[in-house]
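Contents: one structure, followed by commentary.
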Amino acid sequence: VQLQASGGGLVQAGGSLRLSCAASGRTSSNYVMAWFRQAPGKVREFVAASSRSGDNTYYADSVKGRFTISRDNAKNTVYLQMNSLKPEDTAVYYCAARPTTVVSYHRSQYNYWGQGTQVTVSS
């Protein structure tokens, strides 16, 4: 499966962005989908994940209550709605997929990655 992330940009603190990740090549409903992010000089960290159906979602504590992951399997697309953005949310955001039923928080467990989209939050 190929993943294409989009929707990043520059936003002021307190603002919102919605990221999209379009999957091609295989039906996205066969994959657990997740978002990770990587700030300069830091390791890539888990942000959110969705079960294959979208019925179950998981979040890092740092984004819980502010970010929402969702998916539209008919469109083979996963979204990350980001509200109340903070400067510390600044990073390159990556979508990822793994062809199992089990959600993982670990980047090593994901087989497929998008190219990343930059999110910059100004104070």
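The values are calculated or read from the model by the stated rules, or taken from the named source; none is laboratory data. All values derive from a computational prediction rather than experimental measurement. Here the Cβ positions follow ideal geometry from the backbone for every residue, glycine too, while neighbour counts run over all protein chains shown. Quick note on the areas: whole protein, heavy atoms, side chains included, nothing else; ligands and nucleic acids left out. Shrake-Rupley method; radii C 1.70, N 1.55, O 1.52, S 1.80 Å.
Residues in the stretch 7-25 that are out of contact with any Ser or Thr (no Cβ under 8 Å at 6 or more places or on another chain) and without any contact (Cβ under 8 Å) to a residue 60 or more places away in the chain: Ser24, Gly25. Within the stretch 13-41, the set of residues being open to solvent by less than 20 Å² (accessible area, probe 1.4 Å) and of a type in the set (A, V, I, L, M) comprises Leu19, Ala23, Val32, Met33, Ala34. Restricting Asp55, Asp61, Asp72, Asp89 to those that are among the acidic types (Asp, Glu) and touching a residue at least 24 places away in the same chain (Cβ under 8 Å) reduces the list to Asp89. Taking Arg44, is it among the charged types (D, E, K, R) and surrounded by 15 or more Cβ atoms within 10 Å (Cβ to Cβ)? The answer is yes for Arg44. One residue stands out among those in the stretch 98-123 that are over 21 Å from Met82 (Cβ atoms) and touching a helix residue (DSSP H, G or I) at 6+ places or on another chain (Cβ under 7 Å): the one that is surrounded by the most Cβ atoms within 10 Å (Cβ to Cβ), which is Arg98. Those strands (runs of 3 or more DSSP E) of the stretch 12-116 in which 3 or more residues are in contact with a Lys or Arg (Cβ under 8 Å, 6 or more places away or on another chain) occupy 32-38, 45-50, 77-82, 91-98.
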